[in-house]
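Novice: Dropping a structure here in structure tokens format, bear with me for questions.
The values are calculated or read from the model by the stated rules, or taken from the named source; none is laboratory data. Remember, it's a predicted structure, so these values are computed and weren't measured experimentally. Reconstructed Cβ throughout: ideal geometry from the backbone, glycine too, with neighbour counts over all protein chains shown. Surface accessibility is based on the protein's heavy atoms, side chains included, excluding ligands, DNA and RNA. Shrake-Rupley method; radii C 1.70, N 1.55, O 1.52, S 1.80 Å.
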Amino acid sequence: MAFQHTPVMLREVLEWMAPKPCGVYCDGTLGGGGHSGAILKATGGSGILYGIDRDSQALEAAEEHLITFPGFHGIQGNFHDMKALLAEAGVEALDGVLLDLGVSSPQLDQAERGFSYHEDAPLDMRMDRSQALTAADLCNTASEAELTRILRDYGEEKWASRIAAMICEHRQRKPLRTTQDLVHAVDAAIPKAVRRREEGHPARRTFQAIRIAVNDELDPLDSALEDCVSLLKPGGRLLVITFHSLEDRIVKRCFQRLQNPCVCPPKAPICICGKKPSIRIMGKGAIQPSALELAENPRSHSAKLRIAEKLEVS
């Protein structure tokens, strides 16, 4: 299957990124290169863009898609390591950074990747297929307490302890190897009356949680956002698209802290901590997709865009 992906909130990304001729940009979650191609096109073709993705298949597809742009440079890696990856490429400062977090449509659509609870496939879920840990490894080796924590913290699953216990019970009889093995464990843990009453697939939160844990998506995010800001030139912008409340909460709090880093007591007459704002939050909170986009691309329904602009720090 070709790695094709409809870029979410493309109009808003171009509006807030405001690409300029000869600008230098980074797409930390390159995917199929849809956002990157639009940014490069908006520079008149004179811009430079470094596209980072941990998925080699996505990187290959993007390189083919963006072959007409001489300023495109693909890098295999994780945006959590953006600072080191760009330093190795000789990049000192950027005019803009884009992060489109979460799993991409092609990864969901390729059953063999193991991200989807709708298909029976190997229980994989690795964004970087060269890494050792798979979802099957995690489900078959993590303790019941650790599985409960993952499901509760990363999936906000209220049946976390029951599902974790059922996973452990299932794996005692036979290791979980496929996506449907995990779905069956979830089905067995959640009462039928609850499954009938709730909207959406009963395993969706479990799959989200396991995927986040396998790919270590959340724990390094806060420091990665700070690294992105540190790479921006004054006036440069960081745009972050999230798809669930856990990611969005981290981005929101990080931006708030960088905009107002003062740690002095609230009643202190003057600031004595010396911490200065490094960004200005743009827009009025999180920006959501337009009604037209929601109608044309249902997968955009949970997307939120937040923007921060780098300040001149004295």
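Novice: Scanning the range 131-154 for residues that are more than 19 Å from the chain's Cα centre (by Cα) and of a type in the set (S, T, Y), which turns out surrounded by the most Cβ atoms within 10 Å (Cβ to Cβ)?
Specialist: T148
Each row is one residue, and each column tells you yes or no for (1) outside any loop (DSSP other than H, G, I, E, B); (2) in contact with a Phe, Trp or Tyr (Cβ under 9 Å, 6 or more places away or on another chain); (3) more than 25 Å from N78 (Cβ to Cβ); (4) free of Cβ contacts under 8 Å to residues at least 40 places away in the same chain.
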residue	(1), (2), (3), (4)
M125	no, yes, no, no
L133	no, no, no, no
N140	yes, no, no, yes
A145	yes, no, yes, yes
R149	yes, no, no, yes
E157	no, no, yes, no
R162	yes, no, yes, yes
A165	yes, no, yes, yes
E169	yes, no, yes, yes
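Novice: Enumerate the helices (runs of 4 or more DSSP H) found wholly within the range 175-247, keeping only those where 3 or more residues are crowded, with 19+ Cβ neighbours inside 10 Å.
Specialist: 179-189, 204-215, 221-231
Novice: Grab the strands (runs of 3 or more DSSP E) fully contained in the range 14-118, keeping just those with 2 or more residues being open to solvent by less than 20 Å² (accessible area, probe 1.4 Å) and touching a residue at least 12 places away in the same chain (Cβ under 8 Å). Before you say what the answer is, go through the steps one by one.
Specialist: On the way: elements: 24-27, 48-53, 72-76, 94-100.
Once the strands (runs of 3 or more DSSP E) in the range 14-118 are filtered for at least 2 residues that are open to solvent by less than 20 Å² (accessible area, probe 1.4 Å) and touching a residue at least 12 places away in the same chain (Cβ under 8 Å), what remains is 24-27, 48-53, 94-100.
Novice: Also, quick follow-up: P277 - would you say it is in a loop (DSSP other than H, G, I, E, B) and either within 30 Å of P7 (Cα to Cα) or acidic (D, E) (or both)?
Specialist: Considered against the rule, which asks whether it is in a loop (DSSP other than H, G, I, E, B) and either within 30 Å of P7 (Cα to Cα) or acidic (D, E) (or both), P277 comes out as no.
Novice: List every residue pair whose Cβ atoms lie under 9 Å apart, where the two residues are 6 or more positions apart in sequence or sit on different chains, the first residue falls within the range 218-246 and is free of Cβ contacts under 8 Å to residues at least 40 places away in the same chain, and the second residue, located anywhere, is open to solvent by 20 Å² or more (accessible area, probe 1.4 Å) and small (G, A, S).
Specialist: Short answer, once both residue conditions are applied: E226/S278.
Novice: R257 - would you say it is in contact with a Ser or Thr (Cβ under 7 Å, 6 or more places away or on another chain), on the phi < 0 side of the Ramachandran plot and surrounded by fewer than 19 Cβ atoms within 10 Å (Cβ to Cβ)?
Specialist: no
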